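Take a look at the structure below.
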Amino acid sequence: METFLRKKYKLIGTKKTKTTKETETFAVDFASKIKPGKVIGLIGNLGAGKTHFIKGIAKAFGIKKSEIISPTFGIVREHVYKNVLFYHFDFYRLKDIKELEVLGFREYLANEEAVIAIEWADKLKECFEYYDFVVKIEHLGGNKREIKMYKKQHKNEN
Ligand SMILES: Nc1ncnc2c1ncn2[C@@H]1O[C@H](COP(=O)(O)OP(=O)(O)OP(=O)(O)O)[C@@H](O)[C@H]1O
Ligand SMILES: [Mg+2]
């Protein structure tokens, strides 16, 4: 996975946070700069802060952060604010890509008005090709987290 990130993605920023609020604010700043139609894959261990980061993304698009909770039973939760659709996926319980296809993952991806955020994005390696951004959160102990932001590299870009 690391190798893949190094080859196909470019590190665009690193941020260390000490509170959930700092993590959320950082996510709001990041998401304020992106347009709908983008897919953001999040990587990090249990309790790293993926859901909190997604609360910040949602907030940037006008969705209440209290609405953002991990999809405990399903794989996806859908939110809407004005003309923006926000799809929150959690791949933790996914077995294979087939299960995702049955859910209509391709249709979700094809929606240019939608913002898609995916927890446990590294669960299905085949899905990496769809992520415009990858957010990697590392637990540094206590409340400290290190967030690394990656952007997909397009051809002719270095
Ligand atoms: N700096 C920080 N940034 C984010 N979360 C933090 C931070 N410090 C402490 N926390 C705590 O870490 C936990 C992060 O939980 P969160 O649900 O966002 O993680 P997750 O990566 O989505 O986990 P899961 O894999 O179970 O879905 C929360 O309990 C939160 O209060
Ligand atoms: Mg979560």
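The values are calculated or read from the model by the stated rules, or taken from the named source; none is laboratory data. Remember, it's a predicted structure, so these values are computed and weren't measured experimentally. We place every Cβ from the backbone using ideal geometry, glycine too, and count neighbours over all the protein chains shown. In case anyone asks, the SASA skips ligands and DNA or RNA and just uses the protein heavy atoms, side chains included. Shrake-Rupley method; radii C 1.70, N 1.55, O 1.52, S 1.80 Å.
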Identity of the residue in the stretch 114-140, away from ligand 1 (no atom under 15 Å from the Cβ), touching a Lys or Arg at 6+ places or on another chain (Cβ under 9 Å) and not hydrophobic (A, V, I, L, M, F, W, C), that ends up least open to solvent (accessible area, probe 1.4 Å): Tyr131
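Residue by residue, here is whether (1) in contact with a Leu (Cβ under 7 Å, 6 or more places away or on another chain); (2) more than 19 Å from Lys98 (Cα to Cα); (3) among the β-branched types (Val, Ile, Thr) holds:
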residue	(1), (2), (3)
Ala114	yes, yes, no
Ile118	yes, no, yes
Cys127	no, no, no
Val134	yes, yes, yes
Gly142	no, yes, no
Lys151	no, yes, no
Members of the stretch 38-58 that are more than 16 Å from ligand 2 (Cβ to nearest atom) and either in a loop (DSSP other than H, G, I, E, B) or among the charged types (D, E, K, R) (or both): Lys38
Residue pairs meeting the criteria (Cβ under 6 Å; at least 6 apart or on separate chains; first surrounded by 14 or more Cβ atoms within 10 Å (Cβ to Cβ), in the stretch 78-94; second among the basic types (Lys, Arg) and part of a strand (DSSP E or B)): His88/Arg77
Boolean, Lys38 is under 13 Å from the mean Cα position of the chain (by Cα) and either away from ligand 1 (no atom under 14 Å from the Cβ) or among the aromatic types (Phe, Trp, Tyr) (or both): yes
Count - residues of the stretch 44-59 that are open to solvent by less than 10 Å² (accessible area, probe 1.4 Å), more than 18 Å from Asn83 (Cα to Cα) and among the β-branched types (Val, Ile, Thr): 1
All strands (runs of 3 or more DSSP E) inside the stretch 98-158 with 3 or more residues being basic (Lys, Arg): 144-152
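Which of the residues spanning the stretch 14-37 are assigned to a loop (DSSP other than H, G, I, E, B), open to solvent by 40 Å² or more (accessible area, probe 1.4 Å) and either small (Gly, Ala, Ser) or touching a residue at least 12 places away in the same chain (Cβ under 8 Å) (or both)?
Lys18, Thr19, Pro36
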Residue under evaluation Ser70, criteria (1) open to solvent by less than 30 Å² (accessible area, probe 1.4 Å); (2) within 14 Å of ligand 2 (Cβ to nearest atom); (3) not basic (Lys, Arg), criterion not met: (1)
